[in-house]
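Colleague: My structure is below; once you've seen it, I'll send some questions.
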């Protein structure tokens, strides 16, 4: 477990409190590191798990983080994200994710980032309730709604699901 996990979780709690969202953070087994495992742990469908996927902008110095909050049942199409945001993307490695967000891969939350990312919310999540998202650690999640995720993260809804990928509704 990273030594700053406490600080990561504290940032999520602070972001939730700042927006008047209940502190609905709960622990899940360490085996819940995937959307499937998290869904099993909280007793919901995989589609109700909000995955936080980080990209980085290309052709900008320094690159900006891009956060896509997507349904656990979906794969993100980077071309759709580029079109929605009007930027070119590159994959983000673990070092960039940690530096830009303050979170380790596997525990990236949709809120509490060190650097405010450009943010999209998978439109498929708008049909689901509740939604569960990482809370700054691979072993913690919080319960929320798509409306709250939009408000908390500053995201805008967009179609991001890769064609032919599972549909979450």
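Since every read-out is calculated from the coordinates, none of them should be taken as a lab result. Given the structure is predicted, the values throughout are model-derived calculations rather than measurements. In this analysis, Cβ positions are derived from the backbone assuming ideal geometry, glycine residues included, and neighbour counts consider all displayed protein chains.
Colleague: List the extent of the Cα atoms of the chain along each of their three principal axes, largest first, rounded to whole Å.
Modeller: Here the spans come out as 39, 36, 30 Å, largest first.
Colleague: Viscosity 0.890 mPa s, temperature 25 °C: Stokes-Einstein D of region 16-63 from its Kirkwood Cα radius, in µm² per second? Walk me through the numbers on the way to the answer.
Modeller: On the way: Rh = 13.4 Å.
For these conditions, the coefficient is 183 µm²/s.
Colleague: Using alpha carbons only, how many angstrom separate the centre of region 98-159 from the centre of region 33-79?
Modeller: Using only Cα atoms to place each centre, the spacing works out to 8 Å.
Colleague: Can you sort 115, 57, 101 from fewest to most other Cβ atoms within 10 Å of each residue's own Cβ? List each step's numbers first, then the result.
Modeller: Values: 115 11, 57 20, 101 25.
Taking fewest neighbouring Cβ atoms as first place, the list is 115, 57, 101.
Colleague: Right, here's the next one. Nearest 5 is fine: what % of DSSP beta bridges in the chain come out antiparallel, could you say?
Modeller: Antiparallel bridges make up about 65 percent of those DSSP assigns within the chain.
Colleague: Summing -39500 (n - 2.57) over the DSSP H runs of n ≥ 4 in the chain and dividing by its residue number, what mean residue ellipticity at 222 nm do you reach, to the nearest 500 deg cm²/dmol?
Modeller: -7500 deg cm²/dmol
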